[in-house]
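One structure below.
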Amino acid sequence: MNPPVVGVVFLGVFLAVGAAGAADYPVRPVPFTAVRLTDGFWKERQEINRTVTVPFALQQCEDSKRLQNFDLAAETMRRRAAGEAHFQNQPLTIFPFDDTDAYKAIEGASYVLSMQPDPALAARLDAWIARIAAAQEPDGYLYTFRTMHPDSPAHKWIAQERWVADPQLSHELYCAGHLYEAGVAHFEATGQRTLLAVCLKNAELLWRDFGDGQRRIAPGHEIVEIGLAKLYRVTGDRRWLQLAQIFLEARGPGGPSYNQQHRRVVDQTEAVGHAVRANYLYSGMADVAALSGDPRYLPALGKIWDNVAARKLYLTGGVGARPDGEAYGDDYELPNDGYNETCAAVALMMWAHRMFLLTGEARFMDVFERTGYNGFISGVSVSGDRFFYPNPLAYDGQKKNNNGYAGRAPWFGCACCPPNLMRLLASLTGYFYAVRGDELFVNVYAGSEGTADVAGTPVRLVQTTAYPWRGGVKLGVEPAKPARFTLKLRVPCWAQGRPVPTDLYAYDAGEPSGWSAKLNGEPIDSRLENGYLTIEREWRAGDAVELEFAMPIHAVYGNPKIAATLGRVAFERGPVVYCVESAGQAEPLTPEALTVPATALLQAVNRPDLLGGVTVLEIEGVEPVAHVTAIPYFAWDNRGLSPMAVWLRRP
Ligand SMILES: [Zn+2]
């Protein structure tokens, strides 16, 4: 079988060495705190995240007794120290990884605090952190299910001895990883070392237990690698980076593919197993490659990425087709009712961004964008307080597929997804801009103001746009003093006639795509380099670039190797994928049974009154009803639960 045309596997990446001699990503992101949303799609959602989702998730963590687990662990230590040798507590929640929901909520809330002072929120986090710190054992161990119930395992996933069950399901190192991400976020937001001190005490324990590289424990649910890389960045202590690498090197060969222990990481070529774990692993590999300067991980990363982008990616940017094991499927195994966990979308965006930082290529941010506007933001309701755990592309109106619920739910027994979505949304502006030497990359289009440091010159960047509903973007470029540098503006692959940077999906032949650019009002040459419109010149205050991306409604077809999309068509406009749900239609209908012939007439209509303000597609000439309204996929199930489909029949 001939392989399809896939993106170029990159082998020739040069890892950057900074002025201080420490290796890092060749492309450096402009921090999220340097960019502020001003209006539009992401501003509205980030505001709902700040005002609704974050307080709601904090309350859910408290109401579901996740914080009380820390109190019970502290109580057990206290009473045993006071002489009650057999005292222990029973956990109040279901899973031994429930500690991580508190950590992720702190991380998300800290990003909110970084952007906007909020004394009440800061005080609430301080109180949480005190309770967490009190649950840490004297040697640094922090894992409430064991500490509150030390004489025998409190859960079937936990072994009598620390760490030994981590390669399976104990999630001890998973808890550590999310703790580190939270500790770093809280320190950077507040300057306080309270939670960071807890992290470092825990990391010292990991160094004592694993630092000599003799004990091979492959983390069963990856994230500790990313967390350790962040600890290294904030402290400069190379032990944390070495530990991350030790955990990478502990994987494979010969273990289960469920959690990517089947091969050594450098020998892995395909995305397999649990999709969230996988995407966190690949993100961790990218971090270690960049920060250590060790290029051995790069060929594997390139191959795995190409496998996902060319064979395992949903049109919505979701990944992880199988509910069984929450896992990647085989090549082209993309059933319409596939799983697509919200956390897998978050982790894919994290990984895609890291691939961009390694290479400076737009194709990774094209996938980032597709996931962001579709299979990621679908995970939260328009109201901000109801959530999806899986994000299928078709739904029958009844199945309890949402972690036991039918339709969007306020919280879950396994509540990984809501705080994960929350932390990415709160720090989204960190994905907008990046710098490599005298090159300034623009990846995300949204009404915003920010400042990037380009080769020593502060450059103020002001975006005015109604993206993704309209294709016009005006970017004001205002260097503090006239400065020569190269501006690189991502031209999304959808504006170049391809929904994805591979042959996994394609637009109807002959449909127009297109874009144009002006500099200070004059049309400019449209040279593209690695997906970026590249303008090198001396920039001065008052300069402005205008981009115009044509936004026709595109009919999309799946690669013929995808069984689920044969004889079906989907519609998108710009980066937004559409679906039909039964709710809100003039006549009763079954979305999956709708036939949309090529002769159907489609019209985009802006509806500021609907679903928080969306552009819908009015479709005439379908069967068996005459007319349907398609809404953005992310907005489904906000008007009552009903059947939904993205892929519709086309004869
Ligand atoms: Zn999740």
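The values are calculated or read from the model by the stated rules, or taken from the named source; none is laboratory data. All of these numbers come straight from a predicted model, not from anything done at the bench. In this analysis, Cβ positions are derived from the backbone assuming ideal geometry, glycine residues included, and neighbour counts consider all displayed protein chains. Note: areas computed on protein heavy atoms with side chains; ligands, DNA, RNA excluded. Shrake-Rupley method; radii C 1.70, N 1.55, O 1.52, S 1.80 Å.
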With a Förster distance of 35 angstrom and the Cβ-Cβ distance between Ala130 and Glu161, calculated FRET efficiency to the nearest 0.05 equals 0.75
Relative to the chain, whose Cα atoms define the longest principal axis, helix 275-292 and its Cα axis are tilted in degrees, nearest 10, by 80 degrees
By the Cα gyration tensor axes a ≥ b ≥ c (a/c under 1.5 gives rounded; else a/b larger than b/c gives prolate, otherwise oblate), the shape of the stretch 73-132 is oblate
Any trypsin sites (Lys or Arg not before Pro) in the stretch 368-408 that lie in a DSSP loop and have at most 16 other Cβ atoms within 10 Å would be Lys399, Lys400
Spelling it out for Ala544: with amide H atoms placed in the peptide plane at 1.01 Å from N, the residues 5 or more places away or on another chain with amide H under 5 Å from its amide H are Val477, Asn520
Computed over the stretch 501-574, the relative contact order (Cα-Cα under 8 Å, seq sep at least six) in percent reads 37 percent
At 10 °C in a medium of viscosity 1.306 mPa s, the chain has a Stokes-Einstein diffusion coefficient, with Rh taken as the Kirkwood radius over alpha carbon pairs, in µm² per second, of 63 µm²/s
Heavy-atom accessible area per residue of the stretch 487-645, all protein chains kept, 1.4 Å probe, expressed in Å², is 39 Å²
Over the stretch 132-250, with neighbouring protein chains present, the accessible area per residue in Å² at probe 1.4 Å is 33 Å²
Placing each pseudo-label 7 Å from Cα in the direction of the beta carbon, Arg607 and Asp330 end up separated by a distance in nanometres of 4.0 nm
Expressed in square angstrom to the nearest 10, the accessible area of Trp469 with a 1.4 Å probe stands at 40 Å²
Under 14 Å by backbone N from the virtual spin label 7 Å along Cα-to-Cβ at Gln59, the residues of the stretch 396-422 are 410-411
Residues whose built amide H sits under 5 Å from the amide H of Leu440, excluding neighbours closer than 5 in sequence, are Thr486, Leu487, Lys488
So the FRET efficiency between Asp525 and Arg639, C-beta based with R0 = 51 Å and rounded to 0.05, is 0.65
Once Gln90 and Arg470 are pulled to full extension, the length gained, defined as 0.36 nm per residue separation minus their Cα-Cα distance, is 131.4 nm
If the chain between Lys518 and Arg79 were fully extended at 0.36 nm per residue, the gain over the current Cα-Cα distance would be 151.0 nm
Once the dipole of the chain is set up from charges on Cβ (+1 Lys and Arg, -1 Asp and Glu), the residue from the list Ala483, Ala555, Leu566 lying farthest towards its positive end is Ala483
Taking Cα atoms only, helix 172-190 is inclined relative to the longest principal axis of the chain by an angle, in degrees rounded to 10, of 70 degrees
Quick tally, 1.4 Å probe accessible area for Glu326, Glu161, sorted with the most first, runs Glu161, Glu326
In degrees rounded to 10, the 0-90 angle between helix 238-249 Cα long axis and the longest Cα principal axis of the chain is 70 degrees
Mean separation of Cα contacts under 8 Å (at least 6 apart) over the residue count of the stretch 224-341, i.e. the relative contact order in percent, is 21 percent
On each of the three principal axes the extent of the alpha-carbon atoms of the stretch 392-530, given in whole Å and largest first, is 59, 40, 25
Flagged as over-length at 27 Å C-alpha distance, from Lys43/Lys303; Lys104/Lys303; Lys43/Lys488; Lys303/Lys561; Lys65/Lys312; Lys312/Lys400, the pairs are Lys43/Lys303; Lys104/Lys303; Lys65/Lys312
Lys and Arg at +1, Asp and Glu at -1: neighbours of Glu529 with Cβ under 13 Å from its Cβ sum to +1
One computes Rg over Rh for the stretch 29-121 from alpha-carbon atoms, with the Kirkwood Rh, and obtains 1.15
Sorted by chain and then number, the residues having a modelled amide H within less than 5 Å of the amide H of Val577, at least 5 places away or on another chain, are Tyr633
Note on the chain: contact order normalised by length, alpha-carbon pairs under 8 Å, 6 or more apart, percent, works out to 13 percent
A correct Karplus calculation of ³J(HN,Hα) over the stretch 474-488, with 6.51 cos²θ - 1.76 cosθ + 1.60, θ = phi - 60°, whole Hz and x for Gly and Pro, returns 10, 10, x, 10, 10, x, 4, 9, x, 8, 8, 7, 10, 8, 10
Of the accessible area of the stretch 284-341, computed with a 1.4 Å probe and all protein chains kept, carbon and sulfur make up a percent value of 48 percent
Quick note, the stretch 206-322: a/c under 1.5 would make it rounded; otherwise a/b > b/c is prolate and the rest oblate (a ≥ b ≥ c, C-alpha gyration tensor); here it is prolate
Full extension between Cys414 and Ser383 adds, at 0.36 nm per residue less the Cα distance, a length in nm of 9.0 nm
Whole-Å distance linking the alpha carbon centroid of the stretch 384-410 with that of the stretch 136-202 is 30 Å
Quick calc, Arg216 & Ser152: beta-carbon distance into FRET formula, R0 25 Å, rounding 0.05, result 0.45
For the stretch 108-118, Karplus-derived ³J(HN,Hα) couplings (6.51, -1.76, 1.60; θ = phi - 60°; whole Hz; x for glycine and proline) come out as x, 5, 5, 5, 4, 5, 4, 8, 7, x, 8
For the stretch 271-313, listing trypsin sites (Lys or Arg not before Pro) in a DSSP loop whose Cβ sees at most 15 other Cβ atoms within 10 Å gives Arg296
Excluding ligands, DNA and RNA, the carbon-plus-sulfur percentage of the accessible area of the stretch 57-100 with a 1.4 Å probe reads 51 percent
Taking a ≥ b ≥ c as the square roots of the Cα gyration tensor eigenvalues, with a/c under 1.5 meaning rounded and otherwise prolate when a/b beats b/c or oblate if not, the stretch 126-266 comes out oblate
